[in-house]
Ligand code: SAM
Ligand code: SF4
């Protein structure tokens, strides 16, 4: 089958799409270049932004027409699917199946350690849709990871809306250290971290424990204190920077990633400039940026939001253009280095390369001179070239 995955949403959704893609490739399916060529279209979306919901519904309208002409499987995955299954089937009977986030997460080694959120950001639906935080006991998490490793997984990702607020009997940093002790486990990732729960102890574990992958997603949302206050993010820009300071001199391996919301109600030119200045100062390796989306039942709905959409879009475009340059520069710094990468495909793709991924979450296109590569194992590669979205590499000389 040829499949097409369309993703709208946050980093969790992108992760999920990658996992789904990995599974489909593993089952022998192939990526389609467009809807016309696809036998299966999977829409992976979140319910965080109203725009994502609207886009899915309009895409489903188009797919309904396609389905009249030829056999086509249509699936919806992600948070929207998780929350509103019945409603989705009612509004869009062309859907063949729905895959909630929980279902996606059960397939690969993603370990949800906290449900819900105790913060109260004024723009966010999570506290109402997911409720207050529920933490799993640490031993439970360690046991699950042990089981996953016994089943052949070498890498796990601990998940939570604020994963680092973990309090299941130990601190989050301690949990990482305990999970790292599981024999046979190679890398541990975690997402998403809240800046207010980012401690010096966690910074030390991140840089000091070799099994903890050097990747930190620490959403800042805005570079303006006034906007952060209206968002009720609980920190100032200076406090955010202080937290980053816990990392000491930033290691060349660490990939630092963030989220931005642009066009939050009342965001002035000066506020937006402050966000660009922060981007320039920190030089994030990666960021996910969104235009503010008014969500039902959130306090931010009461704020005056009179900035034209055109201006919001302009700001988003400027921010993303600068981020692409910074990501490219970050990727280029890896050229010439020899690193470990995990093989993510069972066979080379059409271009003759294998997909692999480094510990700091960079995509690799690996040329292996016709040699078979071990699926899901680590190999040493030498980075030869870099673009904004992936690095090229060859096998390191032995
Ligand atoms: N808990 C994490 C934190 O506080 O940083 C983030 C979780 S949220 C599900 C993922 C991202 O979606 C946020 O970092 C934010 O940038 C974005 N987001 C959430 N609500 C949004 C809204 N109403 N409009 C635009 N972006 C939003
Ligand atoms: Fe939403 Fe994250 Fe704020 Fe919680 S901390 S309310 S999940 S943005």
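Quick note: the coordinates plus some simple rules give every number you see, no bench work behind them. Here the structure is a predicted model, which means the values were calculated and not measured. All Cβ positions, glycine included, derive from the backbone under ideal geometry; neighbour counts span all protein chains shown.
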Go ahead and set up a Gaussian network model of the chain, Cα springs under 10 Å, then flag whichever of 194, 309, 353 fluctuates most. 309
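Determine, from the Cβ-Cβ distance of residue 2 and residue 347 and an R0 of 22 Å, the FRET efficiency 1/(1 + (r/R0)^6), rounded to the nearest 0.05. Don't skip to the end; give the middle numbers.
Values: r = 15 Å, r/R0 = 0.70.
The computed FRET efficiency comes out at 0.90.
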Please identify, among 224, 287, 58, the residue showing maximal mean-square fluctuation in a Gaussian network model of the chain using a 10 angstrom Cα cutoff. 58
Beta bridges per DSSP with both ends in the chain, % antiparallel, nearest 5: 35 percent
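Which FRET efficiency value, to the nearest 0.05, is calculated for residue 68 and residue 33 with the Förster distance at 30 angstrom and r the Cβ-Cβ distance?
Numbers: r = 22 Å, r/R0 = 0.74.
That gives a FRET efficiency of 0.85.
Please work out the FRET efficiency for the pair residue 303 and residue 201, using the Cβ-Cβ distance as r and a Förster radius of 45 Å; give the result to the nearest 0.05.
Values: r = 36 Å, r/R0 = 0.80.
For R0 = 45 Å, the calculated efficiency reads 0.80.
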Stretchable slack from residue 91 to residue 154, in nm (0.36 nm times residue separation minus alpha-carbon distance): 18.6 nm
18 Å reach of a label modelled at residue 129, 7 Å along Cα-to-Cβ, counting backbone N of the range 289-319: 289-301
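Which value in Å does the Kirkwood hydrodynamic radius of the range 259-321 take, with 1/r averaged over all unlike C-alpha pairs and then inverted?
Numbers: mean 1/r = 0.0809 Å⁻¹.
12.4 Å is the Kirkwood radius here.
Rounded, prolate or oblate: which fits the range 151-253 when a ≥ b ≥ c are the square roots of the eigenvalues of the alpha-carbon gyration tensor, with rounded for a/c under 1.5 and prolate only if a/b beats b/c?
Values: a/c = 2.32, a/b = 1.86, b/c = 1.25.
Prolate shape, in that a/c is at least 1.5 and a/b is the bigger ratio.
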20 °C / 1.002 mPa s Stokes-Einstein diffusion coefficient of the chain, Kirkwood radius on C-alpha pairs, µm²/s: 96 µm²/s
Distance (nanometres) between label positions extended 7 Å along Cα→Cβ at residue 329 and residue 55: 2.8 nm
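Under the definition of Cα pairs under 8 Å and six or more residues apart, what whole-number percent is the relative contact order of the chain?
Numbers: 742 pairs, mean separation 42.6, N = 398.
About 11 percent, as a whole number.
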Relative to a virtual label point 7 Å from the Cα of residue 376 in the Cα→beta-carbon direction, which members of the range 185-226 show backbone nitrogen distances below 14 Å? 185-187
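Only Cα pairs under 8 Å and at least 6 apart count here; give the relative contact order of the range 178-228 as a rounded whole percent.
41 percent
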Using 0.36 nm times the number of residues separating residue 337 and residue 143, minus their current alpha carbon distance, what extension gain do you get? 66.3 nm
Just for the range 243-362, what percent of DSSP beta bridges are antiparallel, to the closest 5? 35 percent
